[in-house]
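To keep things clear, I will list the structure first and then write my remarks on it.
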Amino acid sequence: MMGRESTVPQIQKYDYPQTVHCWDCFEITCIGPENGNPFVDQALRAVFKHKDSHIEVEGFYDGSGIYRVRFMPDHVGEYNFQLIGTFLDIEHNGSFTVLPAQDKNHGMVHVHDTYHFKYDDGEPYYSIGTTCYVWNLQTDELVAQTLETLKNSAFNKIRFCIFPKHYVYNLHEPWSYPFVGTPMDSSVLTEKNYAQYDEHSEGNQWDFSRFQPEHFKRIEYCILQLQKLGIEADIILFHPYDRWGFSCMTAEDDARYIRYVVARLAAYQNVWWSLANEYDLMHHKTEEDWENIAQTICRYDPYEHLRSIHHCLRFYDYNQPWVTHCSIQRTDLYKGAELVNEWRDCYHKPIVLDEIAYEGNIPFGWGNITGEEMLRRFWEGAMRGGYPGHGETYIGHKDILWWSHGGKLHGESHKRFAFLLEILKQTPGIGLCPNPKCAWDEVSAIPQDKRYQEQYYLYYYSFMRPSSREFFFDADTDFEVTVLDTWNGTAERRGVFKGHFQVKLPSRQYMAIQIKQIKR
């Protein structure tokens, strides 16, 4: 009996800061038992109170006898908390002060005006996303290179996975694993036989009740580095490309995993939840399973981070109330961005085109469009009131493809997204919507906010090359006209016009026209 008690250390300290900035992560650390399986044998939670509001969050075991509770305050002022744990003799009470948010921290992103997004502080958010599925599980050098590339890009959202990925060009073992255990021997894998190794493969030995803290600490490092760059971390919780067995855990294992992930990551303001990449290829899970996973997230995430689920061939029911936005992959070889109007009308939620094919040169049709076509899809989708996403799959660089590993970008489209983002930020109000009065041979947008819909217009001509366009406006209202070259990133002011006027164009592809009302 004495020997057993000696393996259970008594609580030595509670550690937490006295101040924290609004929307930053406040963390309480305490020492607890290591014996048995602390991930399931022990529980820790805290209740945070500010004036009349209170929020309860779960804590988690972080290995080596360390337990943590994380909390993201969203108001300035004094907070109190109660810490409650199975291994605590009494509740511990504490307090701290929340200071105003630091510069460039706008808080979380939320849905605004049905189809768009804004930050907690009211700043508009225009998603310019990319995909790097397992960049976070590469070497330290490659992770650092990816962050440097992102720093010098226009991207403000990136999709990536918690679980490692097994797929063509992705056959090596990851930097770490999410659970304690031993993976199968992957030395026999080649590009020719990779498909035969899937979630049924024997040789994996995992304890799904014991998490590997170092794996999650690396993900947290990546999330925080992205936060410093102003980039949203769109976290993919499940995916089908698996040789380790993570895609076919039991419902009990799934729920435990989700609660652990939410406890660790929800207090970071730049996190989004993506339940799955290509959920419909995960044949071990039913729609009921996905709904249960969604409800677990909703129950344990008190901040209500953005939530969605990504498909391959079959759309999820994005009308489900827990879905905050649509995460769409095109299901047509050619069309994707062109269908944003229809999807807006169908789901009445923001349309995020997380996969509209990738710029690259791999053999597969989902990854070999040109930079020009990728940029066209971005402008087309944005003009229709959606938010397209990028990916890049160029081979010939030591099999390091941005779409999965990160590293460097080798294409052309990414260089031109900053210009699109600049134009989107000029929208009066927040967000664009389709212009119902445009001509049949153009794509036109007006502000989503009805107060500005007769004051601002964008017209896009994609792969067409008109030499001029005619416009008919109020004869008494002045409009400033600017011609945009979306490929070369130039804006040429053409002057002030009213009534009926003509705008000459250079007969090049990817031109656009911006028309703003001038208030006297």
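Annotations
- Test: residue in region 77-86 that is out of contact with any Ser or Thr (no Cβ under 6 Å at 6 or more places or on another chain), under 21 Å from Phe179 (Cα atoms) and in contact (Cβ under 8 Å) with a residue 24 or more places away in the chain: no
- Residue match in region 418-427 (condition: in contact (Cβ under 8 Å) with a residue 12 or more places away in the chain, in contact with a Gly (Cβ under 9 Å, 6 or more places away or on another chain) and more than 15 Å from Trp379 (Cα to Cα)): no
- Selection status of Pro17, exposed (fewer than 15 other Cβ atoms within 10 Å of the Cβ), touching a Phe, Trp or Tyr at 6+ places or on another chain (Cβ under 9 Å), in a loop (DSSP other than H, G, I, E, B) and not small (Gly, Ala, Ser): yes
- Screening region 155-179 for residues that are aliphatic (A, V, I, L, M) and surrounded by fewer than 18 Cβ atoms within 10 Å (Cβ to Cβ) and picking the one that is nearest to Leu424 (Cα to Cα) gives Val168.
- Qualifying positions in region 442-451 - touching a strand residue (DSSP E or B) at 6+ places or on another chain (Cβ under 8 Å) and free of Cβ contacts under 8 Å to residues at least 60 places away in the same chain: Glu442, Ile446, Pro447
- When Ile362 is tested against (1) surrounded by fewer than 22 Cβ atoms within 10 Å (Cβ to Cβ); (2) of a type in the set (Val, Ile, Thr); (3) in contact with an Asp or Glu (Cβ under 8 Å, 6 or more places away or on another chain); (4) under 29 Å from Ile162 (Cβ atoms), only condition (3) is not met.
- Qualifying residues in region 433-448 (those that are out of contact with any Asp or Glu (no Cβ under 7 Å at 6 or more places or on another chain) and either in a loop (DSSP other than H, G, I, E, B) or acidic (Asp, Glu) (or both)) - the one most open to solvent (accessible area, probe 1.4 Å): Trp440
- Residue within region 121-131 that is open to solvent by 60 Å² or more (accessible area, probe 1.4 Å) and in contact (Cβ under 8 Å) with a residue 40 or more places away in the chain present: no
- Counted residues, region 109-125 - those being in contact with an Asp or Glu (Cβ under 7 Å, 6 or more places away or on another chain) and of a type in the set (Lys, Arg): 0
Conditions (1) of a type in the set (Phe, Trp, Tyr); (2) assigned to a strand (DSSP E or B), marked per residue:
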position: Phe471; (1), (2): yes, yes
position: Ala475; (1), (2): no, no
position: Val481; (1), (2): no, yes
position: Arg494; (1), (2): no, yes
position: Ser507; (1), (2): no, no
position: Ile515; (1), (2): no, yes
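- Residue in region 100-115 that is surrounded by 18 or more Cβ atoms within 10 Å (Cβ to Cβ), over 18 Å from Tyr303 (Cβ atoms) and touching a residue at least 60 places away in the same chain (Cβ under 8 Å) present: yes
- Which numbered condition Tyr268 fails, given (1) out of contact with any helix residue (DSSP H, G or I) (no Cβ under 6 Å at 6 or more places or on another chain); (2) part of a loop (DSSP other than H, G, I, E, B): (1)
- Every pair of residues 6+ apart whose Cβ atoms lie under 9 Å, when the first sits in region 195-219 and is under 17 Å from Asp62 (Cβ atoms) and at pLDDT 75 or above while the second is of a type in the set (Ser, Thr, Tyr) and open to solvent by 50 Å² or more (accessible area, probe 1.4 Å): Pro213/Ser64
The values are calculated or read from the model by the stated rules, or taken from the named source; none is laboratory data. Just so it is clear, the model here is predicted, and its values are computed rather than measured. Don't worry about glycine lacking a Cβ; one is built from the backbone with ideal geometry, like all the others, and counts go over all protein chains shown. Each accessible area value is taken on the protein alone, full model and side chains, heavy atoms only, with ligands, DNA and RNA left out. Shrake-Rupley method; radii C 1.70, N 1.55, O 1.52, S 1.80 Å.
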